[in-house]
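A.B. asks: Before anything else, here's the structure in question.
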Amino acid sequence: MNKKLFKKNSLVQRFIFLMSVFIAAFLILAVILLYSFYDLNKTYTSKNSELEKKERIVQKISEDFNMVFMGVRGYIAYGNKELKKEALAKEPEIRERTRQFKEMAVDDQDREFLNQIELFTDYYFVTTLPKAIEDYENGNYEAVVERANTGATYKVDSMKKEIRDYISEKDKQIDENFQELSKMQSYVQIGFVSFILVFLIVLLRITRIMFSEIARPLASFAFAANEIASGRDAVIEMDSERNDELGVLSVAFNRMVASIQENEQNLLAQNEELLAQQDELHAQQLELEEALEIVKGNESRLNSRNELVNKIANSLDKQEVLESVVMNMCPIIGAEKGIIAFIDDDSYASYGISPDGVKQFRSNLLFSGIVERLQMDRKPFILKRDSRQDEKGFHTNMLNAHDLYLPIFLSGKKLIAVMAFSRSDTPFELRKMEEYEALAKNIGIALDKISLYQKSEEARRLNQDILDTIQEGVQLINTDGTILQVNKQFCEMFGCPDRLQKMGGCSWEEWTGLLSSHIEESEEFIDFLRKEVSSLDRFSFSDRHYVYKSNSGLVYKVYCEGLFHGNAKLGTIFVHRNITKEFEVDRIKSEFVSTVSHELRTPLASILGFTELIMTRELKPDRQKKYLTTIYNEAGRLTALINDFLDIQRMEAGKQCYESKEIQLLPIIKKVMDLQKVHSDKHELILDFAGGSDRVIGDREKMEQAITNLVHNAIKYSPDGGEVRVAVYEKNGLVNIEIKDEGLGVPPESMDKLFEKFFRVDNSDRRSIGGTGLGLAIVKEIIQVHGGEIKVDSEYGKGSTFTVSLPVQAAILSSIEI
């Protein structure tokens, strides 16, 4: 038995006392050292600050004197009075800085330097500078030079030297102070480091004493604990009067040893009882594991069943549903392979069956009697058979295979598909047949839903195809303003043909924003749409319409009608119809009536006026002949106008007749040009023939009419005169006639409408030029009948070139009715 005696004083109290004394002493000495360091820095900083301030003032005085010297020299050298003014203005500043320096002068050197500054200031600004300026301004330059040479320059240089010496002396004092401060700081730092080392040594000594008093008792405790752990007795004896922490720990340790010895037998008995309970728990664990395996199997089948139900309930893809059915039914019923096949079409899905097996099953399905049995019994059945060689795998003995056939009925009546599942050796459980049959019914309901969806989708596509064949844009809007359906023409109208499938479901803001970006004055149109969508009144297409214009210039008319089911409004149908042609026809008709009225009124007024003069007055023969000639010309003008109307009417009706003869174009062109020269003395008509053939097959009178219209237009639309050049040449088997003028030209935006009936360019340059807008339309009709074409090239404001191309001796029938 080992016995240990310990001291009794409290270890914690001793440690706290020693550490308190140590920390207090450390803090007091640290404060003393830091304060000494602070006071030393403050003293030397104050000295250097005073020296630097004196130095700055002296530098300012030096700079001011230099500016005065430079200003006076510049004034004397160049006569610049601004320099003199600036130099004299520095005197108050120099005296003010001298006063500031005087307040800071504390030693003999400062006072001596101050005295020299004051004497030099008085000498320079009172004695020397005024007289030098006076001599300079009086023109006595020699006196100025003499004064500078006799001492002024020397005193200035001496003063500069004094200032430099003083500044150097102050810099030297600052450096000496800094070196002295650095030296004192080094002494303080050495003292502080020594102080730290002393305290570390003291702390190390205290720590060593404490550890030596604690380590030995703890080693004894460790030895006693090892003895007890080895099963031997151990007692720690201590001074009964000792009440420190180790004494308390010794008492507690002895009590623990006694308690362990008392309870050792009880623990052994309890250990044997626990071992028995452990065996019992192990047996229960095995039972629970078996039950858990059953639960996991049921859970797996339940997950497969839930996945099957979710898939057939949420999917409308027929093949996807079939694959999900066969994939999930196999684990639900414990089958190794399975297939579901439709009777009337080629749809199927399989699991674990080779392609040859699928093909064999489908080919034998209608002739094996399985379909007839399922139709008659309307319930599943099981067949037992010997396993085929490919089903045995590595088994060599005889195995039985069990096949389960499940019928799938559409709407509970028509048999549409058969499910077949197979597994080896273990038969299917008959008690679960009702469960399998319920699953088959659910599958039938899902396939019934898919069938209805396919029919409705086919009907929807048919309706969409029908809508897409309509030339008007159609859109169906519900009462919330959301698009339900649109057709292809609507998307093309508003520049989104690729968004046909995405337009359904567009909100009010989306599709009205799209329309607004493509039409003019969209706000009023959107208000019309909003009013009609929200209206609950019944109306027809003829009652509600709106006309708008797109940004591209097309005109549309929107009809709308409410869609009702009973008294409940389901939505509104809008039909966008392109009425650009009708709108343009109405505009052209209005312009035509106005033009014809003007064109008829002018010659009729002349005819009526001159006829009235002839009938009511006695006129001389020459004047009477002149009036009759005017009446004749105006009547001819009316005849030509009416002939144009009749020609265009016959062309539109297909009743215009043309002769088919070989004709020469040059004589016709010369005749037209000779006749047109009579009507204008401001134009120079020029004919160029580049060679080649000018013979074509056609109607001479109609060709003369076409060329006359082109040359006449060239003259008419060149009001300021100029050249009208007609060029004739053969190229690539075509006779080409170019009529080029130097007139008004055609605006680019009017080029595509130039050959339309009744079209005339609308601008101020052409308002005084008459015409019906039929000439070019007639020309184009004549040229096209002759197998040719007409083109125009124009630069607005510089003239136009019309080119007629006709085939050389084209084969045209002698008389063609169009």
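A.B. asks: Within region 318-342, how many residues turn out to be open to solvent by 20 Å² or more (accessible area, probe 1.4 Å) and assigned to a helix (DSSP H, G or I)?
C.D. replies: Of the residues in region 318-342, 6 are open to solvent by 20 Å² or more (accessible area, probe 1.4 Å) and assigned to a helix (DSSP H, G or I).
A.B. asks: Can you find, within region 790-818, the residue that is nearest to the chain's Cα centre (by Cα) among those that are at pLDDT 70 or above and aliphatic (A, V, I, L, M)?
C.D. replies: Checking each candidate, the answer is 792.
A.B. asks: Condition first: touching a strand residue (DSSP E or B) at 6+ places or on another chain (Cβ under 6 Å), under 20 Å from residue 786 (Cα atoms) and either open to solvent by less than 10 Å² (accessible area, probe 1.4 Å) or assigned to a strand (DSSP E or B) (or both). Can you find one or more residues in region 738-755 that meet it?
C.D. replies: Yes, region 738-755 contains at least one residue that is touching a strand residue (DSSP E or B) at 6+ places or on another chain (Cβ under 6 Å), under 20 Å from residue 786 (Cα atoms) and either open to solvent by less than 10 Å² (accessible area, probe 1.4 Å) or assigned to a strand (DSSP E or B) (or both).
A.B. asks: Regarding residue 160, is this residue open to solvent by 60 Å² or more (accessible area, probe 1.4 Å) and either touching a strand residue (DSSP E or B) at 6+ places or on another chain (Cβ under 7 Å) or farther than 14 Å from residue 34 by Cα (or both)?
C.D. replies: Judged against the criteria, residue 160 is not a match.
A.B. asks: Next question. What number goes with the only condition from (1) closer than 17 Å to residue 64 by Cα; (2) open to solvent by 30 Å² or more (accessible area, probe 1.4 Å); (3) not polar (S, T, N, Q) that residue 106 does not pass?
C.D. replies: Residue 106 satisfies every listed condition except (1).
A.B. asks: If I ask for residues that are over 17 Å from residue 559 (Cα atoms) and open to solvent by 10 Å² or more (accessible area, probe 1.4 Å), which ones from region 485-504 would you list?
C.D. replies: The answer is 488, 492, 495, 497, 498, 499, 500, 501, 502, 504.
A.B. asks: Residue 595 - would you say it is buried (at least 16 other Cβ atoms within 10 Å of the Cβ) and modelled with pLDDT under 80?
C.D. replies: So residue 595 passes the test.
A.B. asks: Which of (1) farther than 12 Å from residue 574 by Cβ; (2) of a type outside the set (Lys, Arg); (3) in contact (Cβ under 8 Å) with a residue 60 or more places away in the chain does residue 508 not meet, given it meets every other one?
C.D. replies: Only one criterion is unmet by residue 508, namely (3).
A.B. asks: If you don't mind, there's one more thing I want to ask. Within region 735-789, can you find the residues that are more than 46 Å from the chain's Cα centre (by Cα), of a type in the set (Lys, Arg) and either at pLDDT below 80 or farther than 17 Å from residue 711 by Cβ (or both)?
C.D. replies: Of everything in region 735-789, those that are more than 46 Å from the chain's Cα centre (by Cα), of a type in the set (Lys, Arg) and either at pLDDT below 80 or farther than 17 Å from residue 711 by Cβ (or both) turn out to be 757, 760, 766, 767.
A.B. asks: Name the single residue that is surrounded by the fewest Cβ atoms within 10 Å (Cβ to Cβ) among those in region 169-209 being among the polar types (S, T, N, Q) and touching a residue at least 12 places away in the same chain (Cβ under 8 Å).
C.D. replies: 185
A.B. asks: Looking at residue 438, is it surrounded by fewer than 16 Cβ atoms within 10 Å (Cβ to Cβ), aliphatic (A, V, I, L, M) and part of a helix (DSSP H, G or I)?
C.D. replies: Yes; evaluated as a whole, the condition is true for this residue.
A.B. asks: OK, next. For region 396-429, how many residues are out of contact with any strand residue (DSSP E or B) (no Cβ under 8 Å at 6 or more places or on another chain), more than 28 Å from residue 363 (Cβ to Cβ) and either touching a residue at least 12 places away in the same chain (Cβ under 8 Å) or not in a loop (DSSP other than H, G, I, E, B) (or both)?
C.D. replies: 1
A.B. asks: Here's a check for you: in region 33-87, which residue that is among the hydroxyl-bearing types (Ser, Thr, Tyr) and open to solvent by 40 Å² or more (accessible area, probe 1.4 Å) is farthest from the chain's Cα centre (by Cα)?
C.D. replies: Filtering region 33-87 for residues that are among the hydroxyl-bearing types (Ser, Thr, Tyr) and open to solvent by 40 Å² or more (accessible area, probe 1.4 Å), the one farthest from the chain's Cα centre (by Cα) comes out as 78.
A.B. asks: Here is a further query. Select from region 613-630 the residues that are exposed (fewer than 11 other Cβ atoms within 10 Å of the Cβ) and either of a type outside the set (A, V, I, L, M, F, W, C) or modelled with pLDDT under 80 (or both) and list them in ascending order.
C.D. replies: Of everything in region 613-630, those that are exposed (fewer than 11 other Cβ atoms within 10 Å of the Cβ) and either of a type outside the set (A, V, I, L, M, F, W, C) or modelled with pLDDT under 80 (or both) turn out to be 616, 617, 618, 620, 621, 622.
The values are calculated or read from the model by the stated rules, or taken from the named source; none is laboratory data. Remember, predicted model here, so these are calculated numbers, not experimental data. Neighbour counts run over all protein chains shown; Cβ positions are idealised from the backbone, glycine included. Please note that ligands, DNA and RNA were not included when accessible areas were found on the heavy atoms of the full protein model with its side chains. Shrake-Rupley method; radii C 1.70, N 1.55, O 1.52, S 1.80 Å.
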